[in-house]
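For reference, the structure discussed in these notes is given below.
The values are calculated or read from the model by the stated rules, or taken from the named source; none is laboratory data. Source: prediction; values computed, not measured. We place every Cβ from the backbone using ideal geometry, glycine too, and count neighbours over all the protein chains shown.
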Amino acid sequence: MATNRRRYLVPAAVAAALVLLGGTASANPFPNNYDSAVADSSLHTFCTTSGFTTDPTVATYAMDTLDNTTDLTDSNIGSCNSVTIDVWWWQEDLPGTLRGERSCFAHSSPGVCDSSDVKLDFAQLDIGDNDWYDRRKTSVHELGHSIGLGHDTISAMISGEVPSTALQWRTYSAHDLGHINAHY
């Protein structure tokens with residue numbers, strides 16, 4: 001009897017540990033962004049446009065998060081003068097309460113985005129508390145869309161305002177990291 005109980009307790013303990021560590025038993029598809037597109041390579045070049053002046057550090061924070069936690073590498077090109085740059089960071093007044101958005105500017109083939117525009121609305125990001133965290137969460141979130149990630153409820157890919165100041169909301173989930181590293 002004790003042997004049978006132990007057989008069921010171990011899988012239950014593993015499942016509980018996955019939940020506590022932010023793992024998920026159900027799989028998100030990849031890519032899972034609105035256009036089902038992935039980036040063109042593991043090198044993710046970026047630039048900040050001349051109007052991106054409120055807090056340029058959010059772009060480098062997001063790019064460094066990608067570079068330091070995945071198999072992707074980033075490279076700051078500096079000025080935005082070439083259509084071959086992977087991510088262009090923009091500061092814009094977005095419609096309604098939209099805080100950020102990513103769109104693919106150039107496709108080389110179906111399902112591959114060569115250049116993404118990431119737009120942030122700092123006025124919307126700065127409504128409420130935790131502006132520093134909210135800006136970074138949203139920049140990591142929108143950058144995640146540029147490499148194929150969709151929304152979730154356990155990481156920076158959650159929609160809306162940052163739930164707390166915990167690091168979990170400014171990085172990618174273990175599940176998404178697995179997809180990123182397997183693809184790139």
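Taking ASP131, is it of a type in the set (D, E, K, R) and surrounded by fewer than 16 Cβ atoms within 10 Å (Cβ to Cβ)?
Numbers: of a type in the set (D, E, K, R): yes; surrounded by fewer than 16 Cβ atoms within 10 Å (Cβ to Cβ): yes.
Here the answer is yes, as ASP131 does meet what is asked.
In summary, GLY23 fulfils each of the numbered conditions (1) assigned to a loop (DSSP other than H, G, I, E, B); (2) surrounded by fewer than 16 Cβ atoms within 10 Å (Cβ to Cβ); (3) modelled with pLDDT of 95 or more with the single exception of condition (3). Restricting the first member to segment 135-163 and to residues that are at negative phi, and the second to residues that are part of a loop (DSSP other than H, G, I, E, B) and among the acidic types (Asp, Glu), the beta-carbon pairs closer than 8 Å and six or more apart or on different chains are ARG135/ASP55; ARG135/ASP126; SER146/ASP86; ILE158/ASP152.
Of all residues in segment 109-137, exactly one satisfies the criterion of being more than 22 Å from SER155 (Cβ to Cβ), of a type in the set (Ser, Thr, Tyr) and at pLDDT 95 or above, namely SER115.
ASP93 fulfils the conditions (1) loosely packed, with under 15 Cβ neighbours inside 10 Å; (2) modelled with pLDDT under 95 except for a single criterion, (2).
Any residue in segment 172-183 that is of a type in the set (A, V, I, L, M), part of a loop (DSSP other than H, G, I, E, B), at negative phi and over 9 Å from the mean Cα position of the chain (by Cα)? Write out each step before concluding.
Let us first name the residues in segment 172-183 that are of a type in the set (A, V, I, L, M), namely 174, 177, 180, 182.
After this cut, where a residue has to be part of a loop (DSSP other than H, G, I, E, B) as well, the list is none.
No, there is no match, as no residue in segment 172-183 is of a type in the set (A, V, I, L, M), part of a loop (DSSP other than H, G, I, E, B), at negative phi and over 9 Å from the mean Cα position of the chain (by Cα).
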